[in-house]
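One structure is given below, encoded as structure tokens.
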Amino acid sequence: MLSYFIRRVVGTVPVIFMISLFVFLLLHAAPGDPADLLIPDQASAEDIADARRRWGLDQPVLVQYWRFLVSAVSLDFGRSFKYDEPVLALIMQRFPATLELALIATVLAIMIGIPLGIFASSRPNSWFDNASSLGGFFGVSMPNFWMAIMLILIVSGYFNLLPSGGRATFGVAEDPITGFLILDSIIQQDWVGLADGAKFLVLPAIVLSVNMTGLLMRMTRSSMLEVLSEDYIMTARAKGLSERVVVWRHALKNARIMVITVVGLEFGALISGSIIVESVFSWPGIGQLLLQGITARDYPLITGLVLVYTTLFIVVNLIVDFLYAAADPRIRLGG
Amino acid sequence: MSARTLTPLATAVIGALAAGGLTLATSASAQAQQRTRVTAAVTETIASVNPYADSVSLMYAIYSQTYGSLVDWSFEKGGYISRFADSWSNPDKTTWVFKLKPGLKRNNGEPVVAADFVHSINRAMNDPQTKQKHNVRWIVAMETPDERTLIIKTSEPVAPMLENLSRVIVTSKAQFDKLGAAADKDAPVGAGPYAIKQIAVDNFLAMTKVPDHPDVKPENPDEIIFRIMKEPESRVTALLNGEIQIAQFIPPQLVPRVQGSSVASIVWEDAVELMFLAMSPEHKPWDKKEVRQAVAYAIDRDALIKVLLAGQGTRLDGPIGPGQFAYDKDLQPRYTYNPAKARELLKQAGYPNGVEIDFYATVGRYIADKQICEAIVPMLEAVGFKVNLKTPEWGTMWANVQKGGTPFYYMGRGSVIDPSAALSQYFETGQSPRIKFSNKEVDAALRAEREEFDEGKRIALMRRAMSVITEEAPAHFMWRHKMATGVANNVVFKPQPTMDINGIDIMMKPRARATK
């Protein structure tokens, strides 16, 4: 298992390298110049040229890339053109907000999608199955942006139940420790801060979880249907085991590989796909940061964020691989 | 366990989060509301805690009311005022002498001395993070013969220098000497009516009232939070459900929602942003004045304002409008909607069968920009232009404009109070490649107005330049937007024409104050 782990980690190096090169070249090939976008409208041509020099943009692209690469090895992605702060520091400031949102969304999706899929599969073609399948289809095909706006209009606007955006009410929570507001509030036993943070989390977490919930429901249902038609399930039923034991102990165990795959892939997608949700809900995470970076052609920031997203995806996939082995003893990672 | 029990269990998680959030947070906000607080939703970025590292109007306005700037434009008085200087004079055309008020103090009691201004100008010029060099580019030397006198020398006569100096944020030299760059974060001590409490970059900024400051009144809110909310739908919803009290830039389609509510209303203000169509004479067919004028006659601006801007615009007859320096209500020539004349001008220019043009529109940068440009296309085609409408992403378009590669485009120029810099930037030979217009008379008038310190003569020169620019039509001036700001009923607020949100312009109504 260790050798597998080392092989996988070593294997990620060329992937990250290729992605960094691709992103770097693509960014420089794209029209638009950071100096034009970030230096004020009233600046002189000399001011713009000066900024280009300061940011190294007067150097050939390959020289710029080489400098970036050398620094990136020591996790120094350079300084953001827009914010003039180290890119890594900016990412670390915002990452907890995104991760917190993605985790809550994933928990919601698991708690709703998997049970719905299981119950739907255990009563195929019943009204419950049809309704759940319709709900699942709705969730999978629902555009995030539209749903976010609708929830803001209805839940925040019409019923005035939850805030329409932001992450916390100013001055309510204690000073952060980890940057995860919910966790910090629990550590500090700040229940008012916890409630305040939760209130802001609900709508974006629901929006972010809807696609994953739908997908999980549908995948769980189809996996379970396949497993429930196996001979050993028939044997279990013939032995007189209760339907609860058949479904939850015997069938679910064999359907969980598919569930792990979907959760793993979708979790990675949630983190990278939170850009729209963060933007609509003014959620101060790395999705918004990326959007700002792209608008400003902030090359170091965009490249740094893409590398972080890539690494996260790889890490999540690696964890999924290990979970496969834990879930199914027939899978040998060392092989 | 059955579906009846498990599914409600899952949904209960959401319910618990929401309900728990609601109950506990109600008491949380009750606690937070002990002091009067106004939250304003803004659309620009908050990119840094360094007051020199940003150049967006939101941050200039915030720093101006916290740190303070050397001078400020007063729309009420129609001239510059200063919280720091008693007077200023020009012994010669390249020297500015400021006599500072006696006993100036920051909010922590620290004195404000002439050396602070030198320090501040130096930071605007040389700070590693500065994005404000352009404000001080003409300054070549500074002297402080005593603690109350500041002498600034410029490389050439710059009559509109006060406009530049209004953007110089005055920070403390003593704090910087003590703390270095950390002073911006750890000791943002200023002399304004509000003090910075916290800045969360690209998220929010909180400031608190300085109770004993001479500019503040008891009605001004104790705290003001600027929250970045880029989505107009979110801003309006937050305004209507009481999360915020001021919402900037309500687009026309959402104005009726606010107007129809019982908790907020719309306040209108003519913004000092000029919207125009630029036509670069470097590119054919825009090298012919008749073609440029044909565009001016072909477009029915009143109809566009009425229909697409829902009346939220004031037509510009010339580069600037009322309230802006050197505005002339009788400026000539004037372009009225006249398609027949436009067709005739195209013929005169040698295009009797029309001419093909590319028209570049911004998307989502200005109010209804794409829709406006789409509506302009048939107007132009009706007089003989064959229009290819292009809608590149802003970064691409702006880079091309900056390089002079965009022949015909819709654009805005913001924060124009004294139009000298804007006119020079777009219409003076060699100043920028954005239009590449060149006219000796305009150049001479603009140069002369910059060197003319007599206000009457300067206004006359500027009006002459504006008249020639309007006649030559390298740009067709469209309108200034009437900006809609949503304001909750428990506060009274009217933004400045620059759309700045100043704490001292916000008043809590009596019932809101009673929560104190």
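Observations on the structure shown:
- Conditions (1) buried (at least 18 other Cβ atoms within 10 Å of the Cβ); (2) in contact (Cβ under 8 Å) with a residue 40 or more places away in the chain; number of the one not met by B:Val263: (1)
- Sole exception among (1) of a type in the set (Gly, Ala, Ser); (2) more than 30 Å from B:Asp222 (Cβ to Cβ); (3) within 12 Å of chain B (Cβ to nearest Cβ) for A:Ser229, by number: (3)
- Of the residues making up segment B:189-202, just one is closer than 30 Å to B:Gly364 by Cα and more than 11 Å from every other protein chain (Cβ to nearest Cβ), namely B:Ile199.
- Residue within segment B:76-87 that is assigned by TED's automatic domain parsing to the domain that holds B:Met142, modelled with pLDDT under 95, of a type in the set (Lys, Arg) and over 30 Å from B:Tyr366 (Cα atoms) present: yes
- Qualifying positions in segment B:203-226 - in contact with a Phe, Trp or Tyr (Cβ under 8 Å, 6 or more places away or on another chain), within 14 Å of chain A (Cβ to nearest Cβ) and open to solvent by 20 Å² or more (accessible area, probe 1.4 Å): B:Phe204, B:Thr208
- Residues (in contact with a strand residue (DSSP E or B) (Cβ under 8 Å, 6 or more places away or on another chain) and closer than 15 Å to B:Val140 by Cβ) located in segment B:87-96: B:Thr94, B:Thr95, B:Trp96
- Whenever a residue of segment A:155-172 is more than 7 Å from every other protein chain (Cβ to nearest Cβ), its partners that are surrounded by fewer than 22 Cβ atoms within 10 Å (Cβ to Cβ) and modelled with pLDDT of 90 or more, lying with C-beta atoms within less than 8 angstrom and at least six residues away or across chains, give the pairs A:Val155/A:Leu161.
- Every test in (1) within 14 Å of another protein chain (Cβ to nearest Cβ); (2) open to solvent by 20 Å² or more (accessible area, probe 1.4 Å); (3) out of contact with any Lys or Arg (no Cβ under 6 Å at 6 or more places or on another chain) is passed by B:Phe249 save one, and that test is (1).
- Residue under evaluation B:Lys288, criteria (1) open to solvent by 10 Å² or more (accessible area, probe 1.4 Å); (2) closer than 30 Å to A:Asn160 by Cβ; (3) touching a residue at least 12 places away in the same chain (Cβ under 8 Å), criterion not met: (2)
- Among the residues making up segment A:270-297, those that are modelled with pLDDT under 90 and under 13 Å from the mean Cα position of the chain (by Cα) are A:Leu270, A:Ile271, A:Ser272, A:Gly273, A:Ser274, A:Ile275, A:Ile276.
- Pairs where the first residue, in segment B:436-450, is more than 22 Å from B:Lys288 (Cα to Cα) and the second is modelled with pLDDT of 95 or more and open to solvent by 30 Å² or more (accessible area, probe 1.4 Å), C-beta under 6 Å, 6+ apart: B:Ala445/B:Leu461; B:Ala445/B:Arg464; B:Ala448/B:Leu461; B:Glu449/B:Leu461
- Some residue of segment B:209-232 being under 29 Å from B:Ala310 (Cβ atoms), without any contact (Cβ under 8 Å) to a residue 40 or more places away in the chain and not charged (D, E, K, R): yes
- Selection from segment B:396-417 of residues that are outside any helix (DSSP H, G or I), of a type in the set (S, T, N, Q) and more than 18 Å from B:Ala473 (Cα to Cα): B:Ser415
- Residue within segment A:240-252 that is within 13 Å of another protein chain (Cβ to nearest Cβ), open to solvent by 10 Å² or more (accessible area, probe 1.4 Å) and over 26 Å from A:Arg221 (Cβ atoms) present: no
- Answer residue from segment A:28-84, given it is in a loop (DSSP other than H, G, I, E, B) and aliphatic (A, V, I, L, M) and is farthest from the other protein chains (Cβ to nearest Cβ) among those: A:Leu75
- The set of residues in segment B:453-482 being without any contact (Cβ under 8 Å) to a residue 40 or more places away in the chain and not acidic (Asp, Glu) consists of B:Gly456, B:Lys457, B:Ala460, B:Leu461, B:Arg464, B:Val468.
- Any hit, segment B:429-448, residues being open to solvent by 20 Å² or more (accessible area, probe 1.4 Å), over 22 Å from the mean Cα position of the chain (by Cα) and β-branched (Val, Ile, Thr): yes
Rundown of residues vs (1) open to solvent by less than 30 Å² (accessible area, probe 1.4 Å); (2) under 22 Å from the mean Cα position of the chain (by Cα); (3) under 15 Å from B:Ser55 (Cα atoms); (4) modelled with pLDDT of 95 or more, yes/no style:
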| position | (1), (2), (3), (4) |
| --- | --- |
| B:Arg123 | yes, no, yes, yes |
| B:Gln129 | no, yes, yes, no |
| B:Val136 | yes, yes, yes, no |
| B:Val140 | no, no, no, yes |
| B:Thr144 | no, no, no, yes |
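- Segment A:94-118, subset within 8 Å of chain B (Cβ to nearest Cβ) and out of contact with any Leu (no Cβ under 7 Å at 6 or more places or on another chain), residue surrounded by the fewest Cβ atoms within 10 Å (Cβ to Cβ): A:Val107
- When A:Asp190, A:Asp175, A:Asp184 are checked against the criterion of being touching a Ser or Thr at 6+ places or on another chain (Cβ under 8 Å) and farther than 25 Å from A:Ile331 by Cα, a single residue qualifies: A:Asp184.
- Search result, residues across segment A:179-198 that are among the hydrophobic types (A, V, I, L, M, F, W, C) and over 19 Å from the mean Cα position of the chain (by Cα): A:Ile186, A:Ile187, A:Trp191, A:Val192, A:Leu194, A:Ala195
- So A:Ser80, is it among the small types (Gly, Ala, Ser) and either closer than 30 Å to A:Ala205 by Cβ or open to solvent by 50 Å² or more (accessible area, probe 1.4 Å) (or both): yes
- Looking only at residues in segment B:179-195 that are free of Cβ contacts under 8 Å to residues at least 60 places away in the same chain and farther than 26 Å from B:Pro211 by Cβ, the one that is least open to solvent (accessible area, probe 1.4 Å) is B:Gly180.
- Residue check: B:Leu150 meets all listed conditions (1) closer than 30 Å to B:Phe453 by Cα; (2) open to solvent by 10 Å² or more (accessible area, probe 1.4 Å); (3) part of a strand (DSSP E or B) but one, namely (2).
This table checks each residue for (1) more than 17 Å from B:Phe427 (Cα to Cα); (2) open to solvent by less than 10 Å² (accessible area, probe 1.4 Å); (3) aromatic (Phe, Trp, Tyr).
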residue	(1), (2), (3)
B:Gln293	no, no, no
B:Ile299	yes, yes, no
B:Ala303	yes, no, no
B:Gly311	yes, no, no
B:Gly321	yes, yes, no
B:Thr336	yes, no, no
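- Looking only at segment B:119-136, and only at residues there that are assigned to a helix (DSSP H, G or I) and in contact with a helix residue (DSSP H, G or I) (Cβ under 7 Å, 6 or more places away or on another chain), the one that is farthest from the other protein chains (Cβ to nearest Cβ): B:His119
The values are calculated or read from the model by the stated rules, or taken from the named source; none is laboratory data. Computed from a prediction, not measured in an experiment: that's the story for all the values here. Positions of Cβ are backbone-derived with ideal geometry, glycine not excepted, and every protein chain shown enters the neighbour counts. Protein only, heavy atoms only, side chains kept; ligands, DNA and RNA dropped before computing areas. Shrake-Rupley method; radii C 1.70, N 1.55, O 1.52, S 1.80 Å.
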